[in-house]
Amino acid sequence: MHCGSLMPELPEVETYRCYFRRLAVGKPIRGVIVSDRRIFPDWSGGQLRHRLVGRTFTRTERRGKYLIAYLDARRDAASGTKAGACMVIHFGMTGSLQFSRSGLRQPPYSRAAFRFDHGALHFVDSRRFGGIWWVADLTELDRIRILGADPLSEINGPDAMSEIVRRSSQPIKQALMNQRLIAGIGNLYADEILFQSRIHPRRRPASLKRVEWERIFHSMKEVLREAIRLCSQMERYPDSYLLPHRGRDGQCPRCGAVLKTLRQGQRTTYYCRTCQK
Ligand SMILES: [Zn+2]
């Protein structure tokens, strides 16, 4: 499955998590295909097959933009220690998961696949900025350890949100994308949240009033939940969202003005000069 052309952010990773759970959890792994060794920084194909074949993924979890899948426990005969118990996937810019039924050809740009009785689940990544890591415990990975609060499960009100985001002296758009503060929001959803909150992307967090934090907090929850509910399929997003209107000559769905762009931290911000103050 493909989540539109989006660079995977929290809603896309959540959508892939459901896909992984449905197709891979509880099914014995029959084989591991490694088409591009670079996608696994730590392991060779042979090591992976040795460790994985015959085992099953038992559950999934999401941390920020990372998908985590846990394996059933098994003692490693050689070392007597428990074999690496979880797999951590980062989708980079173009990563996705695609399932192919048994007998079908593998999709283009498949970097690795897990083979089950009913088919194979491929990690597909054309530009190859994604990666897959294996660890016994998530705390072994710096990239996970540094992650900030989860916007859906760990930020429970406007005051909590303002307390976290005000640690940044950067403009609000970049602060929302700072994974060490809040984990999971990237360029597209940060723009959407600020559009829905009617906040200018260059505002400094310290300048925002309580009523504005309320708007940002509620927009964040609403936008992320709605995107997950719609399985990250952008063509199904409400017309009142900014996301379907991004791009050349896109118009503000609220006032009709042509949307403006800014460069912020190497990324393009879309916003409405009339509606966002
Ligand atoms: Zn507008």
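Derivation of every value follows stated rules applied to the coordinates shown; laboratory data play no part. Just so it is clear, the model here is predicted, and its values are computed rather than measured. When we count neighbours, we look across all protein chains shown, and the Cβ atoms used for this are built from the backbone with ideal geometry, even at glycine.
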Using a 7 Å offset from the Cα along the Cα-to-Cβ direction at both Ala136 and Arg236, what is the distance between the two label points in nm, to one decimal? 4.2
Under 13 Å, Cβ to Cβ, from Thr58 - net charge with Lys/Arg +1 and Asp/Glu -1: +3
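Please give me the summed charge of the neighbours of Asp159: other residues whose Cβ is under 15 Å from its Cβ, Lys and Arg +1, Asp and Glu -1.
Details: positive: Arg166, Arg167, Lys209, Arg210, Arg215, Lys221; negative: Glu154, Glu163, Glu212, Glu214.
Net charge in that neighbourhood comes out at +2.
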Ordering 228-235, 180-187 by per-residue average of other C-beta atoms within 10 angstrom, highest first, gives 180-187, 228-235
Tabulate in residue order the Karplus-calculated ³J(HN,Hα) for the range 242-251, using 6.51 cos²θ - 1.76 cosθ + 1.60 with θ = phi - 60°, rounded to whole Hz; enter x for Gly and Pro. 6, 3, x, 9, 5, x, 3, 6, x, 10
Got a sec? Charge dipole of the range 10-145, +1 on Cβ for Lys and Arg, -1 for Asp and Glu; which of Tyr70, Ser96, Gly31 is way out at the positive end? Gly31
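Full extension from Arg210 to Ala160: what is 0.36 nm times the residue separation minus their Cα-Cα distance, to one decimal in nm? Please report the intermediate quantities before stating the final value.
On the way: separation 50, 0.36 × 50 = 18.00 nm, distance 1.13 nm.
Here the segment from Arg210 to Ala160 would lengthen by 16.9 nm.
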Could you state the principal axis extents of the C-alpha atoms in the range 121-277, from the largest down, to the nearest angstrom? 52, 36, 29
Note down the magnitude of the dipole of the range 10-145 about its Cα centre, charges +1 on Lys and Arg C-beta and -1 on Asp and Glu C-beta and zero elsewhere, to the nearest 20 debye. 260
Net charge near Phe116 (other residues with Cβ under 10 Å of its Cβ; Lys, Arg +1; Asp, Glu -1) is +2
What relative contact order, as a whole-number percentage, does the chain give when Cα pairs under 8 Å and 6 or more residues apart are counted? 17
Suppose every K and R has +1 on its Cβ and every D and E has -1 on its Cβ; what is the size of the dipole of the chain about the Cα centre, in Debye to the nearest 20? 380
Modelling each spin label as a point 7 Å along the Cα-to-Cβ direction, I'd like the Arg145/Asp36 distance in nm, to one decimal. 2.9
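Relative contact order of the range 10-145, please, whole-number percent, based on alpha carbon pairs below 8 angstrom and at least 6 residues apart.
27
Shape of the range 127-216 from its Cα gyration tensor (a ≥ b ≥ c, root eigenvalues): rounded if a/c is under 1.5, otherwise prolate when a/b > b/c, or oblate? Can you show the working numbers first?
Working: a/c = 2.45, a/b = 1.79, b/c = 1.37.
In terms of gyration-tensor shape, prolate.
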Once the Cα atoms of helix 210-229 and of the chain are each reduced to a long axis, what angle between those two axes, in degrees from 0 to 90 to the nearest 10, is obtained? 40
For the chain, longest principal axis from Cα atoms; helix 10-24 axis from its Cα atoms; angle between them, nearest 10 degrees, is 20
On Cα atoms only, tilt of 187-197 relative to the major axis of the chain in degrees: 40
Subtracting the Cα-Cα distance from 0.36 nm times the residue separation, let me have the gained length for Cys255 to Ala73 in nm, one decimal. 59.9 nm
Assign one of three labels to the range 10-145, namely rounded, prolate or oblate, based on the Cα gyration tensor with a ≥ b ≥ c the square roots of its eigenvalues; rounded applies when a/c is under 1.5, prolate when it is not and a/b is larger than b/c, and oblate otherwise. rounded
Which peptide among 156-162, 221-227 comes first, and what is the full order, when sorted by highest mean count of other Cβ atoms within 10 Å? 221-227, 156-162
